[in-house]
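Here is the structure we will look at, set down as structure tokens.
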Amino acid sequence: MGLIRTTALVVGIIIGASIFVQPSEVSRHVSTIPAMFGVWAAAGIMSIAGALVSASLAARFPKTGGVYVYLKETISPPAAFLWGWAMFWSAHSGIIAAVATVFARYTGVLVPLSDLEMRAVAIGCIVLLSIVNYFGVRAGSSVETAFTVAKLAAIAAILAAVVILAPPQVQSVAVHGPQGTREFLLGISAGLFAFGGWHMVTYAAGETVDAQKTIPRALYIGMAIVTVCYFLLNGAYLRVLPLNTVLNSQHVAADAASVLVGTRGAAIVAVLVLISAFGGLSGTVLAGPRVYYAIAQDGLAWRAMGQSHPRFQTPYVAIMAQAVWASVLVATGTYRVLFTRVVYTEFLFFALMTVGLIRVRKRITPAAIVFLLGCSLVVGNQLTSDWKESAIGLLIVAAGLPVYYFLKASRKNAHY
């Protein structure tokens with residue numbers, strides 16, 4: 001993959017489906033429009049800082065595996081293994097399940113679906129994209145590039161419709177809802193899920209042309225595009241819908257279109273969101289198995305996951321395993337639980353990744369300070385706000401430690 005495909009992967013993974021749903025999740029925690037934009041600004045700044053940290057590490061360690069490689073090289077092999085463990089059982093598979101759920105929700109705008117049927121649609125989407133990525137990174141990245149162009153065109157169409165068709169009106173500036181620092185930080189956590197995925201392009205570094213230069217450039221360009229799009233979209237939603245309507249919407253983009261041009265407009269936007277969700281999910285499905293492949297190559301996962309397909313040169317077993325587990329999460333989980341667990345699990349490891357960068361560079365950059373502080377606040381606030389759910393997530397992570405030492409001992413004994 002060159003710069004265009006890699007940038008498309010960054011933008012395509014981040015602008016998946018969440019921006020067409022997460023404004024409602026953000027508004028659950030903040031009760032004014034300025035606070036809502038403050039949340040999105042904070043989430044954007046944190047994500048850009050994280051991308052800068054990731055870009056620095058990608059330039060230093062241009063290997064397939066991304067965060068797994070960075071943690072192994074800068075912190076410790078057990079920390080790296082726990083990242084991969086958490087990715088498979090919770091974080092990355094949870095992202096796939098959550099985005100597939102959004103895809104199914106917007107399918108329900110076009111065709112009425114029961115809860116069971118929505119889950120079946122989500123699982124079908126995961127299986128289809130896993131099959132596409134089975135046939136090679138070029139096939140997967142080509143799909144991603146095409147859908148990234150389509151989703152940017154869709155966003156432009158939504159913004160143009162708002163400018164041309166939105167009637168002048170006075171928006172409600174507040175709703176009766178929660179207040180305070182804790183809720184503001186929970187809002188940031190919800191916003192971060194929509195910005196999530198900037199690190200995933202590093203997973204395929206081994207399949208990227210001149211990765212040391214290409215990946216950092218793709219991250220800079222991609223994050224700039226995403227941040228502009230998100231602010232414009234949130235402004236568009238709030239131009240058309242009162243804040244309390246945004247709060248209660250399960251598909252805010254379709255609801256906004258319905259106000260502008262009726263049910264037909266909602267259907268058109270639903271199709272555009274489906275395109276966006278499909279493209280974002282394609283990149284996410286592509287990225288994860290590269291990490292599991294790297295772990296298996298180190299002898300710390302099911303050996304088959306470290307196998308490349310003899311013809312397509314893809315980690316085909318890892319792709320299939322990811323598809324199965326993500327489908328299980330769709331069948332058993334709910335959207336809010338999935339995205340909440342993803343955010344605090346990932347950012348716990350992102351904080352470690354940032355500490356690792358500081359260790360190898362022996363100096364602290366402004367981006368590292370911003371990101372490390374943000375990670376600490378997000379994770380700490382989530383732990384105190386919902387300790388039961390947080391405990392489940394942390395137990396999933398901690399369960400990997402005895403597995404690591406067992407696999408390490410087994411590998412050592414096998415050499416005798």
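Every number in this text was worked out from the coordinates using simple rules, so none of it is lab data. Everything numeric in this text was worked out from a predicted model, so none of it was measured. Here the Cβ is made from the backbone with ideal geometry for all residues, glycine too, and neighbour counts use every protein chain on show.
Numbers at a glance
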read-out	value
Angle in degrees between helix 366-385 and the longest Cα principal axis of the chain, rounded to the nearest 10	80 degrees
Charged-residue dipole, Cβ positions (Lys, Arg, Asp, Glu), the chain about Cα centre, Debye nearest 20	1020 debye
Most mobile of Val379, Val328, Val285 in a GNM of the chain (Cα contacts under 10 Å)	Val328
Tilt relative to the chain, helix 252-261 - C-alpha long axis, 0 to 90 degrees, to 10	30 degrees
Given charges at Cβ of Lys, Arg, Asp, Glu: the chain dipole, positive-most of Thr101, Ile45, Ile358	Ile358
Helix 33-60 axis, angle to the chain major axis (alpha carbon atoms, nearest 10°)	20 degrees
Whole-Hz couplings from phi, Karplus 6.51/-1.76/1.60, listed for the stretch 274-282; x for Gly and Pro	4, 4, 5, 5, 4, x, x, 5, 4
Residue with peak Gaussian network fluctuation, the chain [Cα springs, cutoff 10 Å], from Thr365, Thr208, Thr314	Thr365
Neighbour-count ranking [beta-carbon atoms within 10 angstrom, fewest first] of His309, His199	His309, His199
Residue (of Leu241, Phe349, Ser189) at the positive-pole extreme of the chain, dipole from beta-carbon charges	Phe349
Descending semi-axes in whole angstrom, ellipsoid equivalent of the stretch 13-122, from the Cα gyration tensor	31, 22, 12
Exposure proxy order (Cβ contacts within 10 Å, fewest to most) of Thr6, Thr202	Thr6, Thr202
Footprinting exposure proxy for Asp255, Asp386 (fewest neighbouring C-beta atoms within 10 Å first)	Asp386, Asp255
Å³ per residue enclosed by the Cα convex hull of the chain	129 Å³
Cβ-derived FRET efficiency at R0 45 Å, Glu117 paired with Arg217, nearest 0.05	0.60
Label point 7 Å beyond Cα of Ile392 along Cβ direction - residues of the stretch 74-90 with amide nitrogen under 13 Å	90
Set Lys213/Lys362; Lys213/Lys408; Lys388/Lys408; Lys72/Lys151; Lys362/Lys388 screened for pairs whose C-alpha atoms are more than 28 Å apart	Lys213/Lys408; Lys388/Lys408; Lys72/Lys151; Lys362/Lys388
